[in-house]
1. Given (1) open to solvent by less than 40 Å² (accessible area, probe 1.4 Å); (2) in contact (Cβ under 8 Å) with a residue 24 or more places away in the chain; (3) in contact with a helix residue (DSSP H, G or I) (Cβ under 9 Å, 6 or more places away or on another chain), identify the lone condition not met by residue 79.
2. Hey, any hits in the stretch 327-341 for a residue that's in contact (Cβ under 8 Å) with a residue 60 or more places away in the chain and more than 25 Å from residue 304 (Cα to Cα)?
3. So residue 361 fits all but one of (1) buried (at least 19 other Cβ atoms within 10 Å of the Cβ); (2) under 20 Å from residue 109 (Cβ atoms); what number is the exception?
4. Mind checking which residues of the stretch 241-270 are among the acidic types (Asp, Glu), in contact (Cβ under 8 Å) with a residue 12 or more places away in the chain and surrounded by 15 or more Cβ atoms within 10 Å (Cβ to Cβ)?
5. Only one of 111, 95 is among the hydroxyl-bearing types (Ser, Thr, Tyr), surrounded by fewer than 21 Cβ atoms within 10 Å (Cβ to Cβ), under 18 Å from the mean Cα position of the chain (by Cα) and farther than 19 Å from residue 140 by Cβ; which?
6. How many residues are of a type outside the set (A, V, I, L, M) and under 19 Å from residue 25 (Cα atoms) if we restrict to the stretch 365-403?
7. Of the residues 143, 131, 170, which single one is modelled with pLDDT under 95 and either in contact with a Gly (Cβ under 8 Å, 6 or more places away or on another chain) or in a helix (DSSP H, G or I) (or both)?
8. Within the stretch 31-72, work out how many residues are in contact with a Gly (Cβ under 8 Å, 6 or more places away or on another chain) and assigned to a helix (DSSP H, G or I).
Amino acid sequence: MSLVISCEKDSVKVIDNEQTNDALKEAYQQVTNQKEQPASAEVIKNNTKKVYVHYMPWFYNPEQDGYWGQHWTMTNKNPNVIDVNGKREIASHYYPLIGPYSSNDDDLQEYHLLLMKLSGIDGVIFDWYSSRDVNDYNALKKSTESFIKEIEEVGLEFAIMYEDKTAQYSTEQSETNSSIDNVVLDLQYIQNTYFTSDNYIKINDSELLFLFGPNFITDPLEWDNIIPQLDTTPYFMSLWEASNRLGQYAGGEYSWVDSNHMTTLSNYYQYSIENNIQTVGGAYPGFNDFYYEGGWRTNTDDDWDIVHNGTQVLNETLNLNASSPVEFIQLITWNDFGEGTMIEPTDEFGFSYLEEIQSYTGVDYTYDDLQLPYRLYLLRKEHKNDQRLQTILDRVYQFIFMLDLDHAKILLSTLEKKYNI
């Protein structure tokens, strides 16, 4: 016999193995007979303010990529070393609930994106460096692009945050182009590759483009030479107190994380009001980088932290946004484990940050609902070579992004019972 959770609230019914097999067969056929992916459902939120999350697509592991990426290792950590609790040695004070992963992993992408959706997060802001094969920029570009199909399936939005300083690095490595030419090439690539998606974030019918800075191209006259070489003018959001560097192309600014924490945030929001600057608010769970311990910093002179105190820091930064005239919120960050600003589920904090975001966004979903993408991910990995099961799990994935959570729970419970998970 197998236990299956029914669609009726708080009820459990018992079905036999034949019925279980019929249910799994039906799910399998539903996927194999589909001519196109079903449409995602829109999340209903009591808080109408948009919430986006800053995302690092820079993680790599041997199973997916053939190597451990530097953001798991820095200079002195070896994830192949596993402790008595089964944890790998990684360059972070915190440990992802699913262990160190690859950004290129389809299973990882659906897990992260479904968690975001059930938390009331509206979209992703990708940390993006360059279109050229310099340092690890090309790998980061490819990782970002690997997300777009599933972002569109799940029904989230996305935007790019470009760091103009990478144009300087490219030029310093003896490229033939000038720094200005490199910025133009990067922005043209962003325009032709990302702006074409129906899910790209827009403000006033213009594509939203974040700049981490600008910190290199800081003369407005240089932007006057760059922007006319694009087909359309993006809506630029610069780092706090940097919009003047863009001249006529300044759109607005966004806040970030600072050692003085709430004092800096409060002062900046007041500054933005006094100067009539359209502002993106920032919310984060804390800050505790691993750069000295990981060998990326040689001393502790520049060390500082913002103690997480459970969900306290996230709560106070969210609440400050609620009382400030910000256009929307950027969560900083989904997964910067090197700086300890991650809100994705970890061993240390569990799902608590996402539960707080659920409360802020006003969705009806709960901790139990957040477990669904996690349970799906575990089944994906536990039976990665079972293609029939993977097809059935595709149906679970669809049920979740369609927000048909009752059927997702039924199918997951049936599979977990059948496979003794």
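The values are calculated or read from the model by the stated rules, or taken from the named source; none is laboratory data. Keep in mind that this is a model prediction, so the values were computed, not measured. A quick note on method: Cβ atoms are made from the backbone with ideal geometry, for glycine too, and the neighbour counts reach across all protein chains shown. Remember, those area values only see protein heavy atoms, side chains included, never the ligands or the DNA or RNA. Shrake-Rupley method; radii C 1.70, N 1.55, O 1.52, S 1.80 Å.
1. Only one criterion is unmet by residue 79, namely (2).
2. Within the stretch 327-341, one or more residues are in contact (Cβ under 8 Å) with a residue 60 or more places away in the chain and more than 25 Å from residue 304 (Cα to Cα).
3. Result: residue 361 passes all but (2).
4. Step one: of the stretch 241-270, the residues among the acidic types (Asp, Glu) are 241, 253, 258.
Of the ones still in play, those that are also in contact (Cβ under 8 Å) with a residue 12 or more places away in the chain are 241, 253.
Listed by number, the list holds a single entry, 253.
5. Details: 111 fails: surrounded by fewer than 21 Cβ atoms within 10 Å (Cβ to Cβ).
None of the other options fit; the residue is 95.
6. Residues of the stretch 365-403 that are of a type outside the set (A, V, I, L, M), as a first pass: 365-369, 371, 373-375, 377, 380-388, 390-391, 394-395, 397-399, 401.
Within this subset, residues satisfying the condition of being under 19 Å from residue 25 (Cα atoms) are 380, 383-388, 390-391, 394-395, 397-399.
Count: 14.
7. On the way: 143 fails: modelled with pLDDT under 95; 131 fails: either in contact with a Gly (Cβ under 8 Å, 6 or more places away or on another chain) or in a helix (DSSP H, G or I) (or both).
None of the other options fit; the residue is 170.
8. Qualifying residue count, the stretch 31-72: 1.
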